[in-house]
Ligand SMILES: Cc1ncc(COP(=O)(O)O)c(C=O)c1O
């Protein structure tokens with residue numbers, strides 16, 4: 001897929017002032033293919049060359065209620081009239097905290113601005129609460145861009161080592177190697193290894209931070225009972241269970257993964273769907289832990305936390321989500337999954353479709369099911385990339401990166417589904433013919 005002349009020229013200009021021409025490394029698709037956006041509305045996005053795409057990236061997931069959603073924009077515009085940033089408590093913030101409590105069942109909530117900030121804060125709280133330093137995460141999980149997240153997020157498959165003697169790989173330079181002394185990363189869904197590790201090291205481990213499904217590995221699902229097993233182990237050893245719901249929260253159910261999988265965390269992190277694309281996030285959880293956050297106790301701060309724009313965006317987004325928008329999301333996701341299955345069965349490509357209807361993923365693999373990072377990593381990502389490249393060329397835009405699921409919005413229509421499946425079928429056939 002090549003970008004059009006206007007996108008190309010503007011991207012060249014961007015690269016003069018912005019490293020790589022992008023404000024996040026994950027947005028770079030190549031010098032001749034990185035698009036520049038003109039506008040987006042509902043389920044559609046237009047590039048500078050006026051080409052329209054049915055958008056399944058949704059800004060890496062947040063825009064579940066559609067781009068430039070009128071009710072949200074109007075609510076923010078009205079709210080902004082009282083000012084935005086006070087560094088003092090405001091009524092919008094209180095109402096949003098109350099709504100999050102009602103929808104998810106958490107006891108207390110602190111607002112932040114990004115998912116990265118939320119997971120960083122939750123880890124700090126867990127460490128302070130337990131008086132322990134170490135963190136346990138899972139291979140392939142991404143918890144934001146801070147130093148305590150970027151271990152075994154996306155290593156080469158040989159990089160995680162043999163299961164009885166796993167390695168830790170920092171995801172890039174600039175992450176102090178000594179941070180690795182406090183990190184542990186294990187295969188998702190492996191109860192035996194988790195039990196063994198905790199028996200050896202529980203005294204040092206402050207928290208287990210877990211994506212309830214691997215939303216950064218094409219939505220690998222937890223096996224039955226795995227999240228409940230993590231819960232039991234945390235209870236057994238006094239470890240704080242942090243469920244990172246940045247991708248799943250207010251998406252796979254109004255109450256997120258806690259509702260969907262029937263498991264309760266000690267701390268939960270939210271972002272993305274909480275504000276439909278406006279920068280808002282939250283750390284939430286049980287009173288006996290969150291209640292310890294405060295002056296002279298557990299530190300947490302931030303100039304922009306709970307600013308009015310973010311809170312108004314969250315208030316209206318949550319209201320819409322509470323009022324049935326997720327039904328539309330799920331119906332569309334189900335339609336796509338059914339269509340993909342038919343097309344891929346006919347194609348002869350070995351594949352797995354996985355994940356909830358609101359964020360399904362496709363992996364080209366011989367594995368009958370993906371349960372952990374390695375299963376995804378040995379997949380045929382080049383074929384996926386070729387198919388997606390053709391889809392984008394034809395006006396359907398999931399992310400190129402096969403780690404990303406397709407994000408569904410409540411604005412995607414049945415006509416979109418028909419168009420998208422037609423495009424997907426063509427792309428699969430063209431790639432197959434070229435093999
Ligand atoms: C599970 C998870 N946690 C945390 C983050 C970081 O969120 P942000 O990009 O808002 O910092 C992400 C981002 O994709 C994520 O998927």
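Every number here is computed from the coordinates shown, using simple stated rules; none is lab data. None of these values were measured; they are calculated from a predicted model. Note: ideal-geometry Cβ built from the backbone for every residue, glycine included; neighbour counts use all protein chains shown.
Here is how the numbers come out for the structure above:
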| quantity | calculated |
| --- | --- |
| Protection proxy ranking of 142-150, 421-429, 308-316 - average other beta-carbon atoms within 10 Å, highest first | 308-316, 142-150, 421-429 |
| Rg and Dmax of the stretch 226-353, Cα atoms only, in Å | 18.5, 63 |
| Of all DSSP beta bridges in the chain, antiparallel share, percent nearest 5 | 60 |
| Cβ crowding within 10 Å averaged over residues, with 330-339, 223-232 ranked highest first | 330-339, 223-232 |
| For the stretch 140-196, the spread of Cα positions along each principal axis, largest first, Å | 32, 20, 19 |
| Whole-Å semi-axes of the ellipsoid equivalent to the stretch 261-324 (Cα gyration tensor, √5λ, descending) | 23, 18, 8 |
| Hull shadow area, averaged, the stretch 70-320 [alpha-carbon convex hull, nm²] | 13.5 |
| Helix-only [θ]222 nm of the chain, DSSP H runs n ≥ 4, -39500 (n - 2.57) each, per residue, nearest 500 | -11500 deg cm²/dmol |
| For the stretch 321-366, projected area of the alpha-carbon convex hull averaged over all directions, nm² | 3.0 |
| Segment residue 327-residue 146, extension gain: residue separation times 0.36 nm, minus the distance between their alpha carbons | 61.7 nm |
| For the stretch 12-139, the spread of Cα positions along each principal axis, largest first, Å | 52, 41, 27 |
| Directionally averaged shadow of the chain, computed from the convex hull of its alpha-carbon atoms, nm² | 20.7 |
| Debye equation applied to the C-alpha atoms of the stretch 82-176, log10 I(q)/I(0) at 0.11, 0.25 Å⁻¹ | -0.50, -1.30 |
| Rounded to 5, percent antiparallel among DSSP beta bridges of the stretch 70-320 | 45 |
| Protection proxy ranking, peptides 292-303, 97-108, average beta carbon neighbours within 10 Å, highest first | 97-108, 292-303 |
